[in-house]
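Since the structure comes first, as structure tokens, the remarks are kept for the end.
The values are calculated or read from the model by the stated rules, or taken from the named source; none is laboratory data. Here the structure is a predicted model, which is why all the values come from computation and not from measurement. FYI the Cβ positions are ideal-geometry reconstructions off the backbone, even for glycines, and counts take in every protein chain you see.
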Amino acid sequence: MLVTELMRGEYIDKRENILLVGNSGTGKSHVATALGIVAGGQGKRVRFFRVTELITQLMEAVRYEVKIVLGKTDPSHIVRCIEYWDVERRRYPGYEHIAVLIAEDVTSRFLNVLSLMAGNVPMIAIQLNALKIGEHLVLDFVHVLNQTSLRNDDTNGGSGTEVPRSFWDAKVGPEIMSIAEGVCELAKEFSDREFIMACSKSHIAISEPGTRCRLAFVHPKQRYAHLSVKVAELDEWHGRFEEDGLPLSKRMLRLRVTLSPNDLKKHRDLLKKFL
């Protein structure tokens, strides 16, 4: 009966929160999803997050550089959008940056161009349509391109200018660098092979000297670091990290876990098995 009352949506107008408590598998997510669907049908704006996904987005510190275009896209619009993205990512290197192009008409020709460039520039393209329904004007936003992941070699170690360790020491400090050190030590514990920290401007690879073997990649940020590892059982490991409350995301065939220095100690056994 309580769920039926909640479906009326009065709690939204009263700005009241709902707390769903129960063991795993009791249907909390299903109830939350149902309430969200009903609220959407009532004209409310709805968004659903798992807690770990929400924490990940908050910690990601992503910035969107938006270019709004009237009419059809042309080459100058794309160039200015990318120029703005490049200026901002250089100005604020501690953040991840995504270029966003919003236009009334994204033609198929320029959509193809954007798709080609999206492997090197994380980009979102949105087409905005104005629809007249009766006496009302409705704005309809359509995702025509949503490619925010770089090519695998750009994000995971196939390229990048080599730098000394001092580059990262100066950029993020010793506390965050201790995460990369800890991952490297964990790698040495379960293997008789030697592993080192190979630093580039975009990441730190945990690699075997004299080979192309890259066990893992660490992407240091100002307050945390991303650990990226290629695994076969993506869904299984995704569930295990979620149970431990660690923020994570899937990228291509890799799982990317967000770690603080304390997480490395707290989840040492799980991370060792992960590597």
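List pairs: first in region 173-190 and polar (S, T, N, Q), second surrounded by 13 or more Cβ atoms within 10 Å (Cβ to Cβ), Cβ under 8 Å, 6+ apart or cross-chain?
Ser178/Pro261; Ser178/Leu264
Does His97 satisfy the condition of being at pLDDT 75 or above and under 30 Å from Lys221 (Cα atoms)?
Working: at pLDDT 75 or above: yes; under 30 Å from Lys221 (Cα atoms): yes.
Yes; evaluated as a whole, the condition is true for this residue.
Take the residues of region 100-138 that are of a type in the set (A, V, I, L, M) and assigned to a loop (DSSP other than H, G, I, E, B): which is modelled with the lowest pLDDT?
Ala118
Go through region 179-210 and count every residue that is closer than 15 Å to His226 by Cβ and hydroxyl-bearing (Ser, Thr, Tyr).
Number of matching residues: 2.
List the residue pairs whose Cβ atoms are under 6 Å apart, where the first residue sits in region 24-45 and is in contact (Cβ under 8 Å) with a residue 40 or more places away in the chain and not assigned by TED's automatic domain parsing to the domain that holds Asp13, the second is part of a helix (DSSP H, G or I) and β-branched (Val, Ile, Thr), and the two are 6 or more positions apart or on different chains.
So the pair list comes out empty.
Taking the residues in region 71-81 that are of a type in the set (A, V, I, L, M, F, W, C) and buried (at least 19 other Cβ atoms within 10 Å of the Cβ) as candidates, determine which candidate is nearest to the chain's Cα centre (by Cα).
Filtering first and then ranking leaves Cys81.
If you go through region 194-202 one residue at a time, do you hit one that is in contact with a Leu (Cβ under 6 Å, 6 or more places away or on another chain), at pLDDT below 90 and more than 18 Å from Phe167 (Cα to Cα)? If you could, list the steps in order and put the result at the bottom.
To start, the set of residues in region 194-202 that are in contact with a Leu (Cβ under 6 Å, 6 or more places away or on another chain) comprises none.
No - not one qualifying residue is present in region 194-202.
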